[in-house]
Each structure stands twice: as structure tokens, then as C-alpha cells.
Amino acid sequence: MKNFTFALLIALLAGSIAACSSEEEAMDNAAIEEVAEDQSANEEANEEETGEEGEAGTTTAEENTPEVSDIEMMHVHGLGFSGDGARLYVPSHDGLKVFENGVWSEAAAEPHDYMGFVMVDDGFYSSGHPGPGSSLKNPFGVVKTTDMGQNLEMLDLYQEVDFHGMAVGYNSHAIYVINPQTNSRMDDIGLYYSTDETETWTKSEMTGLQGPIFSIAVHPTDEATVALGTSEGVFLSNDFGQTFDPVSDSPTTAVTFSPAGNLVAGSVSGEVTLTIFDSETNEPQLISIPELSEENTIGYIAGNPQDENQITFTTVEKDMYMTKDFGGNWSQIAEKGTGINLEAGTKQ
């Protein structure tokens, strides 16, 4: 099962990267179709064994009276809540989408293709590409904003690198990037970090890490604590990524830290799960989620900085769910990239 899961994750990751890069060719989907057929047979067998009741740790989405919005997300490149907890921001191929008071809307800023997008307490950091008609150059390198993209500050590596893997401490603003190529500031590929707004970069040795990296997260206040999700599980470092220790061994597609500093991971091994790990003991606790097919893995997770019970996640198929009671009930707020308004009849 783990070999199958690893092959599936590689295929999904490759597909995501290919779809989001204007300079790469479209990937061949034959491998995904083959594993999907195998998985379909496995799911039918599982349904016969389990019947109508779901597995422990899963729940159904909360019933509501939604209406389809006119917000379409071609891709989803991240998730994050504003500092006051009132708005959820989602970067897509054509700019930021905003979910507020149960309703979707477009952000006022230019529709840039943000990659490596990370919300912080006073704005966001990102990489990516300029939108159509923009006067900005490609790629962005590392940028930041305190007015949700209406003005961008080019911090480093402008016109050099597009970082798909980037994480920033929500309060500390420590920046970690997975560098894909040598450049004017980094002479090797791998994990680098900066605690001074990119004035200096330091390479992390990543001793103890196993498997290809699928996701990255930085502790909100402790700039030395970084987590990586890989094909071999969740790995945690408390020394700026110099050494990593395993936290779990389930292939992990998404990691984040809760506002209180607990590690949260979206994993897949027989089923898709969402797990929170205690910050002191690393003791795992499953969070109930709607049942997902194994190929529809969790892509990004975000917690509300003002409410530990409010969590949102999105999947690789661009389904998005939100809970306000720590998994007791879930509302679906997007399906296959189409936003769902939970306040029916409200105009955007």
C-alpha cells in the first residue's frame, strides 16, 4: 500500500507543478489513470467491507443551503487567514480569492499567479509570476505585502527564481524556501532560511530527513522550528532544519502549525486523514473530516489565528472544507474549484 501511495503522490505532485508552470510541457496523465483504476477497485472492496458507516476519524460535511458562486479557481496555491481571523485568502492562477462571512469574492489587487503563498499576521509572503498586463517582471523571487497585494515589496531574487515550496512563521516572519536551482544568493538546491527579511540566507543540512518533500510549514513564533511532509511521513526540526526527527510515518501531503504551535498534517495511507500533534509530546489526535478518496489528498491546511477550532483545508481536486468546531461539523465551501457561498442570496 505504501508503494502505491508513494507512486500516486509523485504523479499528483508532478501534475500540479506542470499545470502551474508556463515554461514546462503538460504531463502525461497515463500513470494517474492507471493508479486511479487500481484505487477504484480497492475502494469498491472497502465499501463492501465497511458498509455505509465511515471509518473512525471521518465525518460528513455539514448540511447547509449553499449557492454556487461565480468564483472559479483554476489552481489552488495555498490557504491562509487574515490576522483578525475574518477572511480566508486563497491564491489561484488568476489572483487572490476571498471567503468572508460565508461569501466568495475577488481581491482588489492585480491578479498575479502567486506560488509559495503564505499568510502572516500583517499580510502575506509569496513567490510566483505577474498577472496579464502587469508591469512587474517574471518570476517574483520572494515578495511581501501588508495591503493584500495592492503593493508588493520585492525582497530578493526578483526575476531569478519561482519558489513553489516556501513557508513563513505567522508571527516571527522567519522565511524558509525549498530552492529548486542555483542562483545569485544560493549555490545549491535544498532548504534555506532567513530570519532577517532575506538579507542573509543559510542552508539547512536536513540530516535525518527521508523521502521527497511535498509540503513545508514554520512554527508561528519559534523561528527555529520547521516541519516537512514527505513520502515517508512528517519530520520536525527545532534547529532551523539542520536535523529532522520523524513524527509519523504516513505519506504526508500537507503540513501547517496551529496558532498555538501544534503541528497539523494531512496524510494518506489507506485513507486520507487530518492529524494534530501535541506541541509538547507529539502525541497524535485524529480530526474527523469528510470522507475523501485516496487520490483526492489534502493539499493545504489553514487554521484561524483567532480561533483554534476553525480549520480549513483544500484537496488536490480543489474541494475545500471548513469547520468551526474542530471537526465536529464541516461545510464545503468549494467544489472542484468552484466557490460555494454559504449565505444564500447574498450578492458578491
Query - Relative contact order computed over the stretch 268-323 (Cα-Cα under 8 Å; 6+ residues apart), in percent - result: 25 percent
Requested in this report: Report the Stokes-Einstein translational diffusion coefficient (µm² s⁻¹, integer) for the stretch 241-342, Rh taken as the Kirkwood radius over Cα pairs, at 25 °C with viscosity 0.890 mPa s.
Outcome: 175 µm²/s
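Just the number: Rg to Rh for the stretch 282-345, Cα atoms, Kirkwood Rh, two decimals.
0.98
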Report task. State, as an integer percentage, the relative contact order of the stretch 100-204 based on alpha-carbon contacts under 8 Å between residues 6 or more apart. Result -> 19 percent
**Report entry** For the stretch 63-129: relative contact order, % (alpha-carbon pairs under 8 angstrom, 6 or more apart)
**Finding:** 27 percent
Query raised in the report: In debye, nearest 20: dipole of the stretch 258-348 around its Cα centre with unit charges on the Cβ of K, R (+) and D, E (-)?
Result: 420 debye
Report summary line: Per residue convex hull volume, Cα only, the stretch 177-235, in Å³ is 86 Å³
Query raised in the report: Counting Lys and Arg as +1 and Asp and Glu as -1, what is the net charge of the other residues whose Cβ lies under 12 Å from the Cβ of Ala109?
Result: -3
Report task. Could you give me the percent of Cα pairs per 5 Å distance bin for the stretch 234-286, shortest bin first, beginning at zero and ending with the bin that holds the maximum distance? Result -> 5, 20, 31, 27, 13, 4, 0
Report summary line: Here FRET efficiency (C-beta to C-beta, Asp239 to Lys336, R₀ 41 Å, nearest 0.05) is 0.50
Report task. Per residue of the stretch 250-257, in order, report the coupling 6.51 cos²θ - 1.76 cosθ + 1.60 (Karplus, θ = phi - 60°) as ³J(HN,Hα) in whole Hz, putting x for Gly and Pro. Result -> 8, x, 10, 9, 8, 9, 7, 10
Query raised in the report: By accessible area of protein heavy atoms, probe 1.4 Å, what ranking do Trp201, Trp104 get, highest first?
Result: Trp201, Trp104
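Using a 1.4 Å probe over the heavy atoms of the protein chains, calculate the carbon and sulfur portion of the accessible area of the stretch 305-344 as a whole percent.
Numbers: 580 of 1530 Å².
Using a 1.4 Å probe with all protein chains present, the stretch 305-344 comes out at 38 percent carbon and sulfur.
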**Report entry** Positive-end residue, the stretch 220-331 charge dipole about Cα centroid, Cβ charges, pick of Ala302, Pro284, Ser250
**Finding:** Ala302
Report summary line: Rg/Rh of the stretch 79-150 (Cα atoms, Kirkwood Rh), to two decimals, equals 0.95
Report summary line: Against the 2.2 N^0.38 Å rule of thumb, the C-alpha Rg of the stretch 168-295 sits at a ratio of 1.06
Requested in this report: Quantify, in whole percent, the carbon and sulfur part of the accessible surface of the stretch 121-196 (1.4 Å probe; protein heavy atoms only).
Outcome: 42 percent
Requested in this report: Using a Förster distance of 41 angstrom, determine the FRET efficiency expected from the C-beta separation of Thr207 and Asn138, and round it to 0.05.
Outcome: 0.70
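The values are calculated or read from the model by the stated rules, or taken from the named source; none is laboratory data. Here the structure is a predicted model, which means the values were calculated and not measured. For neighbour counting, all protein chains shown are included, and Cβ atoms are generated from backbone atoms with ideal geometry for every residue, glycine included. Just so you know, the surface numbers come from the protein's heavy atoms only, side chains and all, with ligands and any DNA or RNA stripped out. Shrake-Rupley method; radii C 1.70, N 1.55, O 1.52, S 1.80 Å.
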